[in-house]
Amino acid sequence: MNGWILAAGIVLGGGGAAALWGVTTGPPARRVIAQNLTTSAVCPALLLFAQGYGRPAYVDLALLLALLGPVGTLVFARLLSGEPERERTSAWGLTWAAAALGAAVVVALCVAGGPGRAMVKLLAIGVLLIGGNLIASRALAGGFQGVRGG
Amino acid sequence: MGGGDVYDAVIVVALLLVAASATAAVVQRDPARQALVLSFSGVVLATLFTVLQAPDVGLSQLAVGSALTPLLIMLSVRKIRRRGRSKEDTR
Amino acid sequence: MNRLRLWLLALGGAGLAALLVAACLDLPGFGGRRHPYGDRAVHASLARHTANTIASVNFDQRAYDTLGEMSILFAAVLGCAVLLRQARDEHRARPRPAEVARPVRRYALLALPVALVTGLYVIAHGQLSPGGGFQGGVVAATALHLLYLGADYSALERVRPLGVHEISDAVAVCAYVVLGLASVLAGTAFLANTLLPYGTFNTLSSGGSVPLLNAAVGMEVASAVVVLLAHFIDQAVEIEEEHRS
Amino acid sequence: MTRRTAPRAVLLAVGELLAWWVALALLWLVLISTVDTLERIVGASCAALGALLARMGRRAVTWR
């Protein structure tokens, strides 16, 4: 009974379903927030898979997602800002919850993995993930005032 | 849930998510919102590849689907919207 | 008329479904033990000290197909460049510089070098861990465009000279072909991995010509994506049509 | 002795490049699994490239 794979499945299933519901329904501003939360839900799942399958090479996937996920959200925040209605629904509660999930998973994996370069890599991915998501939600909450020319 | 079932259960979860997000992408008509759903389905597809032990393909999907595809789609949407707006001004 | 098309689609779909079901019935079991191609590919990859079998298949056993893939990307970007060029009745309007929140700009300036180094890491370790020229090239190209997201398009244009990227795109494709010709000159087959020593397993210099081909493809994909995005952003942000009054 | 080639400006520029280079070289060391001389050489050159781009990016954004 591989606990890591089970945890990864729960995080993937729960986070993925919630993000899918968020991306497909509701006002555009909230959809972009759901897209932002997809990164902070799936990246810990990928880290757990890397630990569960016993293949440290899979950590590169989580590294790439932690790096490019927020970039994708910045693309939407920048180029979607042409929407007519401008109410700013910034779900800071959800963002902090997602950041906490990422931090918890990274800490658990560091404890399981033990000290060493792999742990530093995990911490780097954690910093990239949480920092990127906070910046992306900051951008969504009005980071691009009046970007007409682009 | 036996020991080996977890690996299959995770594959089923990933498959369901990919199927649901792909359907949502097809159903969605507005290109800007479709780009959002496409970005989500790209990430979930990369997870499915990882679960099926194909990390190289998953890495390609992540590299292209997370930032490049949304950028291309949104730039095209902006170009069409700008042309539309300039047409209304001149009329 | 629409109804006829729907019927045609239904007919074609039904035929396709029937064939698919028939084909799936005698597929080997999912996750079985017998993989004739897999065993041979892994054996050839390990014989040439390439840790990542996919990289060995991509750049060693089927390097000729990768030459095709690379020229497809090259032709696609060439097509986009021709289609999206500035027409006679269009003029370039310099967009107003955008105001971006300070933390977002700082993040973009911070993530820019990190993403570039990560992209180069993915290219360099193509034959060791998952990754390779294609994936790393896209990451490196996306890194450059953090400047457009973090600041505005004029900042990106200052950092990214378009001519250099077009030339490096062509140079990379030629480098790939020249590497192939090198083995022809040495008397073996085109793109055969017999020239360079295979090095010790699981190190950066292992795999003979695989890392070199990886680097050539990485450079080609990075500059091709930069050129592609340059033409898309030009059209979306700068080029405007003359207003026919 | 224009503003850009004053010794202080050159020192600042070299300092910034060096700081970025050290940070990115450390990042490279963290990313790779086995460390040997060739990895260090490739890592050092990639970190130098990254440092150059970081500086060009900062100057491109702040130059108005």
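Every number here is computed from the coordinates shown, using simple stated rules; none is lab data. Values in this document were obtained by computation on a predicted structure and should not be read as measured data. We place every Cβ from the backbone using ideal geometry, glycine too, and count neighbours over all the protein chains shown.
Computed quantities for the displayed model
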read-out	value
Most positive-pole-ward Cα, D:LEU24, B:LEU59, C:VAL237, against dipole of the protein assembly as shown from beta carbon charges	C:VAL237
Likely footprinting exposure, C:GLU69, D:GLU39, C:GLU220, fewest C-beta neighbours within 10 Å first	C:GLU69, D:GLU39, C:GLU220
Radius ratio Rg over Rh of the range D:17-62, counting only Cα atoms, Kirkwood formula for Rh	1.07
Radius 15 Å from Cβ of C:VAL177, net charge of other residues (Lys, Arg +1; Asp, Glu -1)	-4
Sum of side-chain charges, A:VAL23 neighbourhood, beta-carbon under 14 Å (Lys, Arg +1; Asp, Glu -1)	+2
At R0 = 45 Å, FRET efficiency that the Cβ-Cβ distance of C:ALA17 and A:ALA97 yields, to 0.05	0.55
Neighbour-count order for C:THR203, C:THR188, B:THR47, D:THR34, fewest beta carbons within 10 angstrom listed first	D:THR34, C:THR188, C:THR203, B:THR47
Net charge contributed by nearby residues that have their C-beta within less than 15 Å of C:THR66 (K/R +1, D/E -1)	-4
Label point at C:ALA76 placed 7 Å out along Cα→Cβ; residues across the range C:212-226 whose backbone nitrogen lies under 12 Å	C:221, C:224-225
Equivalent ellipsoid, chain A (semi-axes from 5 times Cα gyration tensor eigenvalues, Å)	30, 16, 11
FRET efficiency for C:VAL171 and D:ALA48, using Cβ-Cβ distance with R0 set to 25 Å, rounded to 0.05	0.75
In nm, spacing of pseudo-spin labels at D:LEU18 and C:ARG40 (7 Å Cα→C-beta vector)	5.8 nm
Cα-based shape type of the range C:96-245, given that a ≥ b ≥ c are square roots of the gyration tensor eigenvalues and the cut on a/c is 1.5	oblate
Cα-Cα pairs of the protein assembly as shown separated by more than 45 Å (percent)	16 percent
Dipole in debye (nearest 20) - the range B:5-90, about Cα centre, beta carbon charges: Lys, Arg +1; Asp, Glu -1	820 debye
Per-residue Cβ neighbour rank within 10 angstrom, fewest leading, C:LEU6, C:LEU46	C:LEU6, C:LEU46
The range B:5-90 shape via C-alpha gyration tensor axes, a/c threshold 1.5	oblate
